[in-house]
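Read through the structure below, which is laid out as structure tokens, and then see the notes.
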């Protein structure tokens, strides 16, 4: 049996990168999935791939910053699979980059809505469904940026992702007595479309890799394995954590 057999999970940002890798891995480990992202064609292809491999998944095309999307994802988990055990709130955006004094108010707000408000909305709908099953695992993708390292030009991104850690700690304290575990996953540089936005040339990619103690960036599948750990009983005594899976970028000075 897989690590997530008989479990139901929601994964947001599932159409590419870490979310897509996590969807494939969670399905292999036995989870039934509700996959959420804005790109309908990519989601449909992923659902078909999982089904062809013997897994179970359904797609919901929608914007995580809209509360209706969060509610519908939970409704689908309940209606199709009978409940909800795991949510990997992974969707995010770099948002508007550049010197903080030049960031527009609209850009700031949109970044916080996508990265932080969406997490609040997801949790607000997901938690009651999980508590109805006796608890579960709630996971958010944060980042080392704004937590252990400051990067110029990333004010909205860093603030929104750091805010997730405060949300995680509060939820963990509030709902731990009811069997809900809540943790944040903090990736380092990862080979995803979002990561490519910050490293647009081979020279830039090499420079980012060099920041890490491992002198490389991660594959999405490596972060998916970390998310699986947080979702599974293997992390049964872990909650309220900001778990760095960052290749040593937070400690490297060489």
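Rounded to the nearest 0.05, what FRET efficiency do residue 44 and residue 6 give with R0 = 25 Å and r taken as the Cβ-Cβ distance? Could you check? Between residue 44 and residue 6 the formula returns 0.45.
Its Cα gyration tensor gives segment 1-116 an equivalent ellipsoid; the semi-axes, largest first and in whole Å, are 29, 14, 12. Relative to the current alpha-carbon distance between residue 253 and residue 178, full extension at 0.36 nm per residue lengthens the span by 22.8 nm. Helix 155-175 and the longest principal axis of the Cα set of the chain meet at an angle near 40°.
Using R₀ = 22 Å, calculate the FRET efficiency as 1/(1 + (r/R₀)^6) where r is the Cβ-Cβ separation of residue 56 and residue 216; round to 0.05. Rounded to the nearest 0.05, the efficiency is 0.05.
Compared with the dominant Cα axis of the chain, that is its longest principal axis, helix 202-211 is turned about 80°. Fewest-first ordering of 60, 131, 105 by other beta carbons within 10 Å of each residue's beta carbon gives 105, 131, 60. I'd like the orientation of helix 220-231 relative to the chain: the angle between its Cα long axis and the longest Cα principal axis, in ° from 0 to 90, rounded to 10. For 220-231 against the chain, the angle is about 50 degrees. Arranged from fewest to most other beta-carbon atoms within 10 Å of their beta carbon, 85, 6 become 6, 85. This ranking places 151, 237 by how few other beta-carbon atoms lie within 10 Å of each, fewest first, which gives 237, 151. Largest GNM mean-square fluctuation across 78, 20, 56, computed for the chain with C-alpha springs under 10 Å, falls on 78.
Bear in mind these aren't lab numbers, they're just calculated from the coordinates by the rules spelled out. Nothing here was measured: the structure is a model prediction, and the numbers come from that model. Cβ atoms come from the backbone with ideal geometry, glycine included; neighbour counts cover every protein chain shown.
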